[in-house]
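A quick write-up on the structure given underneath.
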Amino acid sequence: MESRGEVWVWAEQRNNQLMSVSLELLNKGAELSRELATGLTAVLIGDKVGKLTQELVDYGASKVYLIEDERLELYQSRVYARVIAELTSSINQKLCWLAELILEWI
């Protein structure tokens, strides 16, 4: 099957702990990335959360985009959504699974 970019999963964290929903989405993302013959990418946002990148790789991410800034320490849906939107635009990404943000937009 022809490669179709990457499957992205937003790795939601609180207090420097990955949320279980993100790990579940990584598992599903891994299945989808195998079907599409592409990589699985995690997007991790926060302050001083870099230590979580290895756990994301352990759960199947082949790449992790790490966005760290002290202003991102506390979760704010609009700010995080803007960060993800700017990242997807800069890389021309078409699909990103977001558990929490989707629920807040509905």
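The values are calculated or read from the model by the stated rules, or taken from the named source; none is laboratory data. From a predicted model like this one, the values you see are computed outputs, not experimental measurements. With ideal geometry, Cβ positions are generated from the backbone for all residues, glycine too; neighbour counts draw on all protein chains shown.
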>> Considering only residues that are crowded, with 20+ Cβ neighbours inside 10 Å and part of a strand (DSSP E or B), which ones fall in region 40-64?
In response: L40, T41, A42, V43, L44, I45, G46
>> Residues that are touching a residue at least 12 places away in the same chain (Cβ under 8 Å) and under 13 Å from the mean Cα position of the chain (by Cα): does region 70-80 have at least one?
In response: yes
> Within region 40-51, which residues are in contact (Cβ under 8 Å) with a residue 24 or more places away in the chain and more than 12 Å from the chain's Cα centre (by Cα)?
Replying inline: D47, K48, V49, K51
> Going by the structure shown, is V83 surrounded by 13 or more Cβ atoms within 10 Å (Cβ to Cβ), at pLDDT 85 or above and over 18 Å from G5 (Cβ atoms)?
Replying inline: yes
> In region 74-88, what residues are outside any helix (DSSP H, G or I) and over 15 Å from M19 (Cα atoms)?
Replying inline: Q76
> If you scan region 55-69, which residues turn out to be charged (D, E, K, R) and either in contact (Cβ under 8 Å) with a residue 60 or more places away in the chain or within 10 Å of I45 (Cα to Cα) (or both)?
Replying inline: E68, D69
> Counting only residues that are in contact (Cβ under 8 Å) with a residue 12 or more places away in the chain and part of a helix (DSSP H, G or I), how many does region 12-39 have?
Replying inline: 13
>> Just the residues that are at pLDDT 90 or above and either touching a Leu at 6+ places or on another chain (Cβ under 9 Å) or within 12 Å of Q13 (Cα to Cα) (or both), please, taken from region 35-50.
In response: L40, A42, V43, L44, I45, G46, D47, K48, V49, G50
